Structures are given as C-alpha cells and as structure tokens.
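Student: Have a look at this one.
The values are calculated or read from the model by the stated rules, or taken from the named source; none is laboratory data. Since the structure is predicted, the reported quantities are computational estimates derived from the model, not experimental observations. Here Cβ is always computed from backbone atoms with ideal geometry, including for glycine, and neighbour counts include all displayed protein chains. We work out accessible area using only protein heavy atoms, side chains counted, and drop any ligands, DNA or RNA first. Shrake-Rupley method; radii C 1.70, N 1.55, O 1.52, S 1.80 Å.
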Amino acid sequence: SGLRALEVGVRALQEGSINRAIVGAADMAGDLRCVLGQHHAQNLSKNGIARPFDKDADGTMVGEGAAAIILKRLDDAQQDGDRIYAIIKGVGTATGGRLESCDPDRDAYHQSIERTIREAGAKPESVSYLETHGSGVAAEDALEADTLSALFGASESPNPCYIGSAKADVGHTGAVAGLASLIKAALCLDQQLLPPLRNLQTMRYEWVRGKRRFIAPAAAQYWLR
C-alpha cells in the first residue's frame, strides 16, 4: 500500500541511505469485476453513500485514483528552500489477527497508534485532528472509534479533537487510501482549515465515552490552535 511505501521511504531517510524519495500508489478499483470481488468480501453501502462513524452506516464505497508525495529530511528541505506541507514525526505499524478474518485486529491497531505517538514524542492530549480510516463499515468504524477515543481521550483537555475521513469524499481507494488521507491532512495543516466530515448524521457512541470532546465538523472551519 501507499502507507507501507511511506514507511520504507521514512526509514531509508532516517538511516541516511537516501536523500529523497518519491512515494506513490495507484488503484483502479472501479472495474466491475473488482467491485464484485470487494462486495463479496466486504459489503458496500446499499445507499451508495459512505458515512464514516455514523451509527447507521451500512458500508463503504469504491473509489479509485493515484497519489504521490516527495519526502526529504527536514534540514535538507529547509536548505533547498522547498515548500514544506507537513513534517512526519512518527510512523507506527503492527501485525496481528487471522488471515481468514476480514475484521482488523484490535490489539495490532492499538499498538500501531501507540508506536506512532511514542516515536513522534507527542502527548495524546496535544493532538487536535485525526484523519482516520473511517470507512463506513460498522465493525471497522467501531474498532477505530473505540481505540482512538481511548488513546486520545484518556486525559481531559480544554481543546477538542476534530476527526475527518477522506472516504466520505472519494470512497475507499484501496492502496491509495492511506496516502490520500495523508495528503488531505497535510493540506489541512498548510491551509489551516478543517473540512467537514460529510454524510454524518449521528456519531457513533464510542466517540463520546472519553474525557475529551471529539468533533466531526459539519462545515469547513478555520483550524485554530
């Protein structure tokens, strides 16, 4: 996937084996045979709408596309006068679960987020925006909302944490999905704007169980930090 390529590029830059990387992915998932295959493994929305984290969401939508980013070490990018959209401070991955199960593994997902926070040297309560997987598939949304609200909402904070999902706009783009989300988050940082999480009517209850407020913007707003 694009995110696995991202991890390879970041690690190679960290160890000094390369000075820059082009990280990309493409997925033409809209072919009818591909759509039927995905629907067999994971039901697509009968309403034709991806509704991430909505309590009545009934599945995701097929999307397709391509994405690419340029990675450099921060010092090199500053020296070269490059326009810097975002700084990647941490990357976390974990494996787990059974191959015959389509549902993500809860422990592995939790570990991957914890590793990212630890590598970035960040405090969970300082994070003010989460660009999520947010597929609109009930089991995936429940696991993600439960894990993220537990990790980022464990401590009280006067500042809310906003959530978003590119899949509400472009569908599930397969191998491109992670990079599409990364690019969206980088543009949010660059423009200091938070776009709406579309199609959300009633947020899943997992988001409101923590000590902190999680907000899905209903309309575009300035990212005040």
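Student: Go through Asp80, Asp54 and list them by solvent-accessible area, largest first, probe radius 1.4 Å.
Tutor: Result of the area sort, largest leading: Asp80, Asp54.
Student: A follow-up question, please. At 1.4 Å probe size, with every protein chain present, just tell me what the per residue accessible area of the chain comes to in Å².
Tutor: Result: 56 Å² per residue.
Student: Expressed as a whole percentage, what fraction of the accessible surface of the range 141-225 belongs to carbon and sulfur atoms when a 1.4 Å probe is rolled over the protein heavy atoms?
Tutor: 55 percent
Student: Simple spin-label model, 7 Å along Cα-to-Cβ: Ala68 to Tyr85 in nm?
Tutor: Distance between the two pseudo-spin positions: 1.3 nm.
Student: Cross-link partners among lysines for Lys72, C-alpha distance below 23 Å, same-chain residues fewer than 8 apart left out?
Tutor: The qualifying lysines are Lys89, Lys184.
Student: Can you compute the charge dipole magnitude of the range 87-219 about its Cα centre, using +1 on each Lys and Arg Cβ and -1 on each Asp and Glu Cβ, nothing else charged? Give it in debye, rounded to the nearest 20.
Tutor: 340 debye
Student: Compute, for Lys211, the solvent-accessible surface of its heavy atoms (probe 1.4 Å) with the complete set of protein chains present, and express it in square angstrom to the nearest 10.
Tutor: Roughly 130 Å² of Lys211 is accessible to a 1.4 Å probe.
Student: GluC sites (Glu not before Pro) within the range 126-225: which are DSSP loop residues with at most 11 other Cβ atoms inside 10 Å?
Tutor: Glu156
Student: Quick one: order Tyr129, Tyr85 from most to least accessible surface, probe 1.4 Å.
Tutor: Of Tyr129, Tyr85, the descending order of accessible area is Tyr85, Tyr129.
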